[in-house]
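Report on the following structure.
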Amino acid sequence: MLTYTPPMGWNSWNTFGANISDKLVRESADALVDLGFKDAGYNYVVIDDCWSKLERDENGRLAADEKKFPYGMKALSDYVHSKGLKFGMYSCCGVRTCANYPGSFEHEFVDAQTFADWGVDFLKYDFCYKPERANGEVLYRRMSMALRATGRDILLSACNWGVDNSGPWMRSAGANMYRSTGDIVDNFQSIKDIALSQVDKLCYGAPGCFNDMDMLVVGMYGKGNVGLGGCNDAEYRSHFALWCMFNSPLMIGCDIRTLTRESAELLKNKGLISINQNLDCRPSFVANSVDQHYAFARQLSNNEYAVGFFNMDETEGEVYCLLSDVGLTQDSGYAFEMTDVVTGEQLGTFREFCHPKIGAHDCKVYKGKLVKI
Ligand code: GLA
C-alpha cells in the first residue's frame, strides 16, 4: 500500500503560487530537515502548478520552465531525495492546468512516464479545463493506471474539490488522497467551512486513500498566494487540530524558512500528529454540537479515544461533551484518564462529561485512555 496513514509534507501553492524556483524548493527541503519537520513525519516536497513551459516540447512532453528550474526536474528530484525526502509534482486531468499551463488530458501515459523518469514520488492531479465530453472519474482511473504502468511508486493526490460526488468513487479510481473541498484561504471562516463540510464525508477516508481538506495555512499570517486575512495562533491551533482529528493529509503551505516559533511548534506537535497518524484511521464523529460549539471524538488504537473541543464562536465559552455520547455508561466500571494532547498536561479521570473553557476560535484536544475504576 502506497500510504497507510495520511501523507505529510510541504506544498508550494498556498504561499508562493506561480513564484516558484529551484532555489525555493531546495531551501524548503533543507528547512524541512534542519528544522525537524522531516523527523516529525513531513516527507513530501511538492511543487504545485506553474512549474512548466507554456507549451509542450517538440516531442510532446511536458518541459520545466528553464528560468524557474535551470537544472531541470531530475536534478531537483535527486537533491530532494538526497535529503531523505520524497519529490512531488503537479498536473491536471484537463487540457490546461488551473493556472493555464499544459494539462495531461490525452497525454496521461507519456506524462506519467516523464514524471517517473524525473523520479517523482507524488502527483497532485487537478480538475480544471476538463473537456465536457470527458468523464472525470475515468480520467482519474486513467492517470492512476498510467502511473502504475511506469513501475514506479507514485502517490496519486487527486484534486477535484469533491465535485461529481467524488467520495464514493475516488478510492476505486486509484487515488491515495483526494481533495474533498474547494480551495482553502487563510482565514478562520474558510477553515470552519471546510471542516464542517467534511463531517458527513469522513467515512470515505481510510488507509490507502484519505479525504484531503487542502494544504495547511498555519503560519501564513495573511501573507502569500491565498493569504486572505490571516489567522491568529488560536485559529491556527483549531485548524491543525481539525485536520488531525479528521485524518486529512498534512501538507504545510507556509514558508517554512521563516516560520514563527508558535507555528513551528504547532505543526510539529507530537500529540496532534499521533492522532492524525493513528493506525486505526477511524473517522471522527460529532459527539456534541450546540450553536458554534463542537465536540468531535474518535476511537484510536489501544483502548484510547480522542475528543476535540472546538469553540467556533466569537466569545469564550465552555464546550461540552457527555462521555455517554462517546459510548461510556456510568455503571460500566470504566472511566477515561484524560491528557491534553497539545500541552501534555494530565487532567485526571472523567466518567460523565468534560466541559473545558475555551477562548474564541480556539480548541482543546484530549486523549482518553479507557481504564477500569
Ligand atoms: C486549483 C487547486 C489548488 C492549486 C491551484 C493551482 O485551484 O485546487 O490547490 O493547485 O489549482 O493552479
Practice item. With 32 Å as the limit, write out which pairs from Lys124/Lys201; Lys74/Lys201; Lys38/Lys130; Lys86/Lys357; Lys83/Lys201; Lys38/Lys364 have Cα-Cα distances beyond it, or answer none. Key: Lys74/Lys201; Lys38/Lys130; Lys86/Lys357; Lys83/Lys201
Check your understanding: With the calculation restricted to Cα positions, what are the radius of gyration and Dmax of region 135-189 in angstrom?
Key -> 12.7, 42
Revision key, fill the gap. Everything considered on the Cα gyration tensor (a ≥ b ≥ c; rounded for a/c under 1.5, else prolate if a/b is larger than b/c, else oblate), region 311-358 must be described as oblate
Practice item. Please go through region 99-195 and write out the trypsin sites (Lys or Arg not before Pro) that DSSP classes as loop and that have at most 14 other C-beta atoms within 10 Å. Key: Arg133
**Study point:** Square roots of five times the Cα gyration tensor eigenvalues for region 1-139, Å
**Key:** 25, 17, 13
Check your understanding: For the chain, modelled as a GNM with alpha-carbon contacts under 10 angstrom, which of Phe350, Phe105, Phe115 fluctuates the most?
Key -> Phe350
Exercise for review: Can you give me the P(r) profile for region 84-187? Cα pairs, bins 5 angstrom wide beginning at 0, each as a whole percent.
Suggested key: 3, 14, 25, 26, 19, 10, 3, 1, 0
**Study point:** Two-decimal Rg/Rh across the chain, once Rg and the Kirkwood Rh are taken from alpha-carbon atoms
**Key:** 0.99
Point to revise | the chain, relative contact order [Cα under 8 Å, separation at least 6], % | key: 14
Exercise for review: For the chain, find the longest principal axis of its Cα atoms and tell me its angle to the long axis of helix 136-149, 0 to 90°, nearest 10.
Suggested key: 70
Practice item. Work out, step by step, the length gained on full extension between Ala206 and Thr315: first 0.36 nm times the residue separation, then minus their alpha carbon distance; give nm to one decimal. Key: 35.7 nm
**Study point:** Potential extension, Asp34-Glu55 segment - 0.36 nm per residue separation minus Cα distance
**Key:** 3.9 nm
Study note, to complete from the structure: Computed over all unlike Cα pairs, the Kirkwood hydrodynamic radius of region 201-249 in Å stands at 11.8
Exercise for review: Report the full-extension gain for the segment Thr343 to Asp331: residue separation times 0.36 nm, less the Cα-Cα distance, to one decimal in nm.
Suggested key: 1.2 nm
Practice item. Treat region 157-244 as a sphere of radius equal to its Kirkwood radius over Cα pairs and apply Stokes-Einstein at 25 °C in a medium of 0.890 mPa s; give the translational diffusion coefficient in µm²/s, rounded to a whole number. Key: 184
Practice item. Report relative contact order for region 1-78 in percent, whole number only (criteria: Cα-Cα under 8 Å, sequence separation at least 6). Key: 34
Review point. Can you give the net charge of the other residues whose Cβ lies under 11 Å from the Cβ of Met215, counting K and R as +1 and D and E as -1?
Key: -3
Exercise for review: Please work out the C-alpha center-to-center distance from region 45-94 to region 171-227 and express it in whole Å.
Suggested key: 24
Review point. How high is the relative contact order of region 126-277, in percent, counting Cα pairs under 8 Å that sit 6 or more residues apart?
Key: 18
Check your understanding: So how tilted is helix 188-198 from the main axis of the chain? Cα-based, degrees 0 to 90, rounded to 10.
Key -> 90
**Study point:** the chain: calculated mean residue ellipticity at 222 nm from DSSP helix runs of at least 4, using -39500 (n - 2.57)
**Key:** -7500 deg cm²/dmol
Exercise for review: Round to the nearest 10 and give me the degree value, 0 to 90, for the angle of helix 72-82's Cα axis relative to the longest principal axis of the chain.
Suggested key: 40
Review point. With charges only on Cβ, +1 for K and R and -1 for D and E, what is the dipole size of the chain about its Cα centre, in debye, rounded to 20?
Key: 840
Revision key, fill the gap. Hydrodynamic calc, region 226-330: Kirkwood Rh from Cα pairs, then Stokes-Einstein at 10 °C with viscosity 1.306 mPa s, so D in µm² s⁻¹ is 105
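Values in this text are rule-based calculations from the coordinates and carry no lab data. This structure is a prediction, so every number in the text was calculated from the model and none was measured. Methodologically, a virtual Cβ is constructed for each residue, glycine included, from the backbone with ideal geometry; neighbour enumeration extends over all protein chains shown.
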